[in-house]
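One structure is given below, encoded as C-alpha cells.
The values are calculated or read from the model by the stated rules, or taken from the named source; none is laboratory data. Fair warning: this is a prediction, and the values are worked out from it, not measured in the lab. Positions of Cβ are backbone-derived with ideal geometry, glycine not excepted, and every protein chain shown enters the neighbour counts.
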Amino acid sequence: MNAPVEVRPIRRGLKRAQLSDEVAGYLRAAIMSGTLRPGTFIRLDETAAQLGVSITPVREALLTLRGEGMVRLEPHRGHIVLPLSRRDIEDIFWLQSAIAKELAATATETIRAELAGMVVELDQLRSTT
C-alpha cells in the first residue's frame, strides 16, 4: 500500500530567503555600520541566542562572510571581524550615491506626473467657471 502523498501548492512570486542568508545580512549590516567593530569575535552560541535561531544558520552565515572577506576564522577562538578596506568604503559610498540618484529620479517623475494632473484639473476648473 502506498503512503499518502502530501500535496503542497506551488508558490509563485517571492521566495523567502534562507535563514542563513538573513543572518548573514544582519551580521553584514552590523559590520558595515560599525556595530560589530574590527577585532570583535563573533561567537556562534551568543549570536544564535541573540537572533533566536540555531547555531547552524549562524555558522553558514559566517562561512558566507568569510568568503566576502568580512570575517576571518581564528582556530580554537572563532570568527573575528576584519577592518573594512578603503575600497570597501568607496564601494559603499558609490552604492549609496547610485541608490540616491535613482530615488531622486523616481521622486522627480512622480512629482512631475502629479503636477501635470493638477494642472489639468485646474484648467478644467477654470473652463467651467
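When 115, 125 are checked against the criterion of being more than 27 Å from residue 48 (Cα to Cα) and modelled with pLDDT under 90, 125 stands alone in meeting it.
Taken over region 73-127, residues that are within 24 Å of residue 24 (Cα to Cα) and in a helix (DSSP H, G or I) amount to 14.
Filtering region 78-89 to residues that are more than 30 Å from residue 55 (Cβ to Cβ) and surrounded by 11 or more Cβ atoms within 10 Å (Cβ to Cβ) leaves only 89.
Do we find a residue being aliphatic (A, V, I, L, M), more than 18 Å from residue 82 (Cα to Cα) and surrounded by 14 or more Cβ atoms within 10 Å (Cβ to Cβ) anywhere in region 36-51? Yes, some residue in region 36-51 is aliphatic (A, V, I, L, M), more than 18 Å from residue 82 (Cα to Cα) and surrounded by 14 or more Cβ atoms within 10 Å (Cβ to Cβ).
None of 122, 62 is among the aliphatic types (A, V, I, L, M) and more than 22 Å from the chain's Cα centre (by Cα) except 122. Each residue in region 22-72 was checked for being part of a helix (DSSP H, G or I) and among the hydroxyl-bearing types (Ser, Thr, Tyr), and 5 pass.
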